[in-house]
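Please treat every number below as a calculation from the coordinates, not as lab data. Keep in mind that what you see is a predicted model, and the values were worked out from it rather than measured. When we count neighbours, we look across all protein chains shown, and the Cβ atoms used for this are built from the backbone with ideal geometry, even at glycine.
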Amino acid sequence: MTGASGWVWDPDTWQDWAIRLLRQEYGADNVIKVPDQDRGDLGIECFTRGGIVYQCYCPENPDLNPRALYGNHRDKITKDLNKFIKNKDDLTRLFDSVKIKSWILLTPRHESYRTVQHCSEKATFVRQAGLPYVTDDFIVDVHELADYKDSAAILRRGPVLPAPVGVPAQVPRSTPDGIDFGLVGGPLIGVMDQKLARVPRLADPTKRAVFRAHLLGSQLAAEGILDNYLESIPEVHQQILDCIASVERGLLLAFGPGDLPHKVLGSIIEDVRTRVEQVVPGIAKSNAESIAYMAVTDWLQQCPLDFEEAG
């Protein structure tokens, strides 16, 4: 909903944006989302490994005056902190060894000192409850979008990266069982090898085995990268799959009989790598290349990618 103030949020989109914002602020692997689809929520939206709990809240009316907005925030804080105490057993299991030092209401805007006063009163109330997951200096606070300007600006330019994916992944030189990728066989490997044999520069079996091993190692590394995305930021995982699918759809029409096989192969790898870097700003170039090699490996084993006979 958009109001006269320029506020463009509704409760659902605010919740989604706020969690993405916090993952940008702290790193995707440091923010644990707490879904509420199963038997309701526990009075929190997510928490950080550093001990900060967030409840994301957006009133449905974007044009509330400061007094009315305070009333909304006061009631929301009271209601959810009651849950924060009531659900003691579930939250003890949820937080495990994490001790909570702050409970924060994250909202598009707040405009009343009385909200801050209410937060102080409720913090005392929670500390007096003697919860095992709360620190002795526990506080309650309210934050607004303006408090996260830098992270919001970055998030608008591109998706947040899970920390392990922002650095180069190691491409394995053998399978987890210790088998040399160059010696790996099977029906799909055989199909790929036959296609690669049509590339003049890979006509030699030894050179072809080395290149095939590189493809398979990169494929394994890329699958690990994508698994990390799927777990941490599924929307980014889907964006990568979408750009791979887009390249695949154009394979049959992109190259003709006169194209040299090694140039076709290099062009496809570069196309996928470039597209991945566009949808995931900041990804390590080697990780984007591994994803590109993974796509090419799949296509060589299946139907979409083939070459003319060498010679």
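Annotations
- Pairs exceeding a 28 Å alpha-carbon distance, out of 33/99; 86/149; 207/263; 207/285; 88/149: 86/149; 88/149.
- The stretch between residue 274 and residue 29, if pulled fully straight at 0.36 nm per residue, gains 85.7 nm over its current Cα-Cα span.
- Applying 1/(1 + (r/R0)^6) with r as the Cβ-Cβ distance of residue 13 and residue 90 and R0 = 22 angstrom yields a FRET efficiency of 0.20.
- Rg(Cα) / (2.2 N^0.38 Å) computed for the range 37-121, rounded to two decimals: 1.15
- Taking Lys and Arg as +1 and Asp and Glu as -1, the other residues whose beta-carbon sits under 15 Å from that of residue 234 total -3.
- Theoretical FRET efficiency, 1/(1+(r/R0)^6), r = Cβ-Cβ of residue 97 and residue 68, R0 30 Å, to 0.05: 0.15
- Sparse-neighbourhood loop sites, trypsin sites (Lys or Arg not before Pro) in the range 21-110 - DSSP loop, at most 10 other Cβ within 10 angstrom: 39
- Stokes-Einstein D for the range 71-134, Kirkwood Rh over Cα pairs, 20 °C, 1.002 mPa s (µm²/s): 170
- Label point distance in nm, residue 144-residue 49, each placed 7 Å from Cα along Cα→Cβ: 3.3
- Calculated FRET value between residue 79 and residue 242, using beta carbons and R₀ = 25 Å, to 0.05: 0.05
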